[in-house]
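What follows is a set of notes on a single structure, which appears directly below.
Throughout, read-outs are computed from the coordinates displayed, never taken from laboratory work. Because the structure is a prediction, the values reported are computed rather than measured. So basically every Cβ, Gly included, is an ideal-geometry build from the backbone, and we count neighbours across all protein chains shown.
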Amino acid sequence: MIKVSHLSKHFGKVKAVDDISFNVKEHENLILLGTSGCGKTTTLKMINRLIEPSAGEIEIDGKNIFEQSPEILRRGIGYVLQNNGLFPHYTVAENIAIVPRLLKWDEKRIKTRVSDLLEKLHLSNNYLHVYPNELSGGQQQRVGLARALVADPAVLLMDEPFGALDNVTRSKIHAEFKALDELKRKTIIMVTHDVQEAFELGDRICLMDKGKIVQNSPPADLLFKPKNDFVRGFLQEQRLQLEFKAIKAPQPPEGGAFELRDVKLPADVSLWAILEQLKFTDGENLIIRDQHGKKTGTLGFEELMSAFYQYKKQQVHE
Amino acid sequence: MNEQQQSLWDFMRRQSDKLLEQTIQHIGLTFISLFVAVIIGLPLGIFISRRRQFSGAILGVAGVLQTIPSIALLGFMIPVLGIGPKPAIAALLLYALLPIIRNTFTGITGVDPAVKEAAVAMGMSKWQVLFKVELPLAMPVIFAGIRTATVITVGVATLASYIAAGGLGEFIFGGISLNNTNMILAGAIPAALLAILFDFLLSRLQKLNIKKLKTATLILPLLLILCSSFYFIPSAYATKLKAGFTPEFMGRHDGNLGLQSKYGLKISTLVISDAVMYKAAFEKQLDVISGYSTDGRLKAYNLVVLKDDKGIFPPYYAAPIVRESSLKKFAELEKILNLLANKINDSVMTALNYKTDYLHQTPEKVAKDFLVTQGLWKSPRNGNEGVVRIGSKIFGEQYILANIYSMLIKGNSNYGVSTKTGLGGTKICFDALTNDQIDFYPEYTGTGLLAILQPPAKTIDSVTVSREATYNYVKAGFEQKYNIKWLKPIGFNNAYALMMRREQADKLKIKTISDLKRYLKNR
């Protein structure tokens with residue numbers, strides 16, 4: 001879907017991004033992870049040409065992006081900023097409708113789409129005509145997300161989208177983010193320096209340092225098959241928590257799901273997510289159901305721990 | 001009722017036509033300048049917000065323009081743009097530029113970079129970013145700049161009357177020269193009210209919330225255009241020759257009003273300050289001006305005085321006026337001062353003025369040279385029999401006279417001398433004399449009559465028929481009212497006069513005001 005090859009960006013003598021290449025598959029969620037100044041944001045901004053690269057090629061859907069006008073390109077790519085970048089002189093509705101208006105949608109279509117989207121993002125329609133400064137940080141970020149999603153772009157670029165939020169709001173939005181259908185159809189590249197967030201939201205993590213990609217792999221591989229000491233060191237402090245996030249629960253039968261009380265959890269849920277659910281219950285177990293909704297077994301704290309142990313043992317032996 | 005005691009309200013009511021016209025001119029002048037300043041300043045501000053490397057230079061130049069004194073700036077404009085509205089608008093807009101450019105620049109560069117980045121990232125073009133994001137968000141700051149510029153322009157526009165562009169300055173400066181407080185206030189109060197009103201209206205605009213600001217952004221240009229259209233160049237009737245009169249001359253019975261009633265003279269007239277009037281005549285911007293008959297510039301610019309064949313300008317013969325008590329105290333004083341009687345005629349005085357004004361000689365040197373050529377020079381005796389205090393008004397001719405008198409007293413008596421030169425206008429000088437701060441100063445018969453005694457109009461008409469009648473009237477009046485004695489006249493008559501360029505007057509064979517009138521009539 002997105003193909004980046006030999007991309008470089010030099011600011012004077014500083015090589016902010018130094019000859020990197022990576023691919024993002026359709027509907028994949030790639031995280032660019034690294035410390036400040038590692039080149040992750042520069043890389044992201046080259047994909048919608050906010051920054052023009054010094055060298056290299058980028059293709060989206062097989063098309064070279066440098067052969068299109070930057071305005072047309074950007075209208076087809078959603079973009080979410082850390083500080084939301086909402087227009088203070090536009091109402092929520094007008095903010096969300098910016099791209100559709102640029103694309104010259106008719107007003108009725110815009111109106112329907114905007115109110116649909118607000119509903120999906122759990123924002124009441126009462127907010128349509130208020131100005132961004134009247135919203136809380138979390139609400140602003142949701143509006144920012146809605147603005148990026150409104151024209152249903154295939155690609156979404158997110159620059160530390162949850163960086164400005166407090167921890168409580170952030171984990172709430174993370175949960176919504178994972179549950180949102182709209183996002184499952186997107187190819188997403190997200191920049192973050194928060195390792196936890198990367199492991200929670202990413203299908204693949206691209207760890208960068210000094211303008212180069214150190215390792216590009218699924219989260220679990222970063223933990224259990226680190227390429228070098230830098231990767232190991234980068235994850236060391238939060239290792240245990242990350243391992244729980246990277247390891248998936250034992251798979252239920254094809255098409256099945258987990259269920260606890262009335263909460264449904266998807267089949268590829270991480271151990272961490274299940275533990276988070278279990279902490280609110282008193283020794284109650286998770287119900288495993290097959291594709292027909294039939295109960296096939298239960299999953300308790302002990303089973304989870306042994307799954308964790310087995311996974312680790314398996315990694316060590318490989 | 002005495003003219004000075006009439007109330008301000010009376011004055012404004014009687015002059016309401018003129019007041020309205022001047023106010024409208026003032027508003028028009030302000031807004032045309034402001035409109036042009038916005039048209040130039042806004043794009044410049046946008047330009048330097050895009051190309052920061054030019055911001056220092058452009059803001060610097062606009063800043064320097066702002067520091068040039070207004071009168072000087074108006075003066076610079078005359079050779080380039082002539083007189084009238086054009087140079088006034090140009091000068092005003094230069095003053096208005098800085099706040100507009102600076103605030104546009106600050107406003108645009110102050111827009112949150114995240115918002116700008118979002119706008120670009122959503123696929124807005126450069127112009128869309130400017131018009132949909134940067135300008136609307138910078139608008140409150142830009143409005144503040146326009147507001148500052150408006151207040152500055154309303155104030156500076158009063159000076160436009162110096163170069164014949166009209167406005168409320170006509171009343172203000174006319175009032176100052178005529179010593180007419182009501183006239184000053186009739187100009188100054190509306191000007192101040194205009195400034196307050198516009199400032200208030202614009203502050204309301206500025207405080208509107210962002211949503212309404214969108215409408216305001218549309219209304220403002222319309223408003224500017226509307227107000228600008230108030231101003232039209234007053235050209236009631238165009239004649240072959242163009243006259244420029246001082247605000248004082250315009251409002252006097254022995255000035256323009258007399259020209260109209262006694263000569264029936266009709267000529268396109270502009271109101272202009274005497275500081276630039278002579279030069280404008282020399283540069284052929286004006287053909288006829290109202291000057292003073294002994295002004296040094298008459299000679300410097302080769303102008304010629306038209307003969308006042310119907311005698312409407314009262315005589316302004318100069319003579320020293322002395323306190324009676326001083327004449328008693330200094331027994332020889334009267335004799336000494338009268339040494340100068342009839343020694344200086346019009347052309348001699350003009351020549352002396354020319355020496356100080358244009359050859360930049362000091363009044364002392366001019367005074368001494370004059371006395372030496374007249375054979376009146378005596379070296380000072382350095383006596384110590386009391387000190388005579390001489391006063392003078394604040395212009396060149398009076399400085400020369402004060403120096404001549406000082407030298408005469410020192411050379412012919414044992415008195416010491418202290419000079420108090422530069423005593424503002426007639427009022428200040430005369431008050432100093434009556435309050436025993438000075439012993440004497442040179443005064444003019446016309447001033448004594450019109451500015452100090454202020455008799456009814458009928459008396460004025462009857463006593464201004466001849467030099468002697470005026471002199472005798474003021475002499476008697478001062479004696480009786482103030483115990484002040486008019487000594488013998490010095491000889492010259494520094495009266496109002498109409499002047500033309502010598503070559504043009506010769507070519508058109510105009511020697512008198514009646515000739516001028518005939519010429520204008522036979523066009």
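Basic side chains Lys and Arg get +1 at the Cβ, acidic Asp and Glu get -1 at the Cβ, and with that the dipole of region B:318-494 about its Cα centre reaches some 260 debye. Peptide A:142-152 has a mean shielding of 1, counted as Cβ atoms of other protein chains within 10 Å of each residue's Cβ. Positive contributions from Lys and Arg (+1) and negative ones from Asp and Glu (-1), summed over other residues with Cβ under 11 Å from the Cβ of A:K186, come out at -3. Cβ crowding within 10 Å, taken as a proxy for footprinting-reagent exposure, orders A:I96, B:I27 from fewest neighbours to most as B:I27, A:I96.
Over chain A, dividing the summed -39,500 (n - 2.57) contributions of all DSSP H runs of at least 4 residues by the number of residues returns a 222 nm mean residue ellipticity of -10500 deg cm²/dmol.
Taking a sphere under 11 Å around the Cβ of B:A341 and counting the other residues whose Cβ falls inside, with K and R at +1 and D and E at -1, yields a net charge of +2. Out of all DSSP beta bridges with both ends in region A:2-244, state the antiparallel percent to the nearest 5. If I count the DSSP bridges inside region A:2-244, around 50 percent turn out antiparallel. Taken about its Cα centre, the protein assembly as shown carries a charge dipole of roughly 2980 debye when the Cβ of each Lys and Arg holds +1 and the Cβ of each Asp and Glu holds -1. Each Lys and Arg contributes +1 and each Asp and Glu -1, all at the Cβ; summed about the Cα centre of region A:257-317, the dipole is approximately 160 debye. Spatially, region A:1-50 and region B:65-101 are offset by 55 Å when compared through their Cα centroids.
Neighbours of B:I409 by Cβ distance under 12 Å: Lys/Arg scored +1, Asp/Glu scored -1, total +1.
Exposure proxy ranking for A:T192, B:T459, based on other Cβ atoms within 10 angstrom of each Cβ and starting from the fewest, stands as B:T459, A:T192. The mean sequence separation of alpha-carbon pairs under 8 Å and at least six residues apart, normalised by the residue count of region B:3-228, gives a relative contact order of 30 percent. When the Cα centres of region B:34-63 and region B:307-353 are compared, how far apart do they sit, in Å? One Cα centre to the other: 58 Å.
For region A:2-244, the square roots of the Cα gyration tensor eigenvalues, ordered a ≥ b ≥ c, give a/c of at least 1.5 with a/b no greater than b/c, which places it in the oblate category.
For region B:318-494, what class follows from the C-alpha gyration tensor (a ≥ b ≥ c being the square roots of its eigenvalues): rounded when a/c is under 1.5, otherwise prolate if a/b is larger than b/c, else oblate? Cα axes put region B:318-494 in the oblate bin.
When shorter helices are ignored and each DSSP H run of at least 4 residues is given -39500 (n - 2.57), the per-residue value for chain B at 222 nm works out to -18000 deg cm²/dmol.
When both bridge partners sit in chain B, DSSP labels roughly 55% of those beta bridges antiparallel. Dipole orientation for chain B: of the candidates B:A144, B:L42, B:L298, B:L42 has the Cα lying most toward the positive pole (charges on Cβ; Lys, Arg +1; Asp, Glu -1). Farthest towards the positive end of the charge dipole of region B:413-508, among the residues B:S413, B:P455, B:S466, is the Cα of B:S466, using unit charges on the Cβ of Lys, Arg, Asp and Glu.
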